[in-house]
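*Asks:* Let me begin by handing over the structure; questions about it come next.
The values are calculated or read from the model by the stated rules, or taken from the named source; none is laboratory data. Note that this is a predicted model, so its numbers are computed, not measured. Ideal geometry is used to build each Cβ from the backbone, glycine not excepted, and the neighbour counts take in all protein chains shown.
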Amino acid sequence: MNTHLRTAHQYGVTKALEKCGYASLDEVTKEAAALGLADAPAPTKTAADAPLCDVFKLLKAKLD
């Protein structure tokens, strides 16, 4: 549900982007990435990233 404050904020963001020559926040993000200003998203960790010794320690802890 949008409140009047959320709607006013979104309107202000849209007007500020238009004033700077952008249609959406995605355009700003793409341009920043193209210029090398945006950080690459952090890689997500998976179970395969954990060392095997830690996996066995966790398994032993669960079984105890």
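*Asks:* Filter the range 19-34 down to the residues that are part of a helix (DSSP H, G or I) and surrounded by 11 or more Cβ atoms within 10 Å (Cβ to Cβ) and list them by number.
*Replies:* Passing the criteria: 25, 27, 28, 29, 30, 31, 32, 33.
*Asks:* Which members of the range 1-18 meet the condition of being part of a loop (DSSP other than H, G, I, E, B) and not polar (S, T, N, Q)?
*Replies:* If the condition is that a residue be part of a loop (DSSP other than H, G, I, E, B) and not polar (S, T, N, Q), then 1 is the only one that fits.
*Asks:* Return yes when residue 59 is part of a helix (DSSP H, G or I) and modelled with pLDDT of 90 or more and no when it is not.
*Replies:* Details: part of a helix (DSSP H, G or I): yes; modelled with pLDDT of 90 or more: no.
For residue 59, the condition - part of a helix (DSSP H, G or I) and modelled with pLDDT of 90 or more - is not met.
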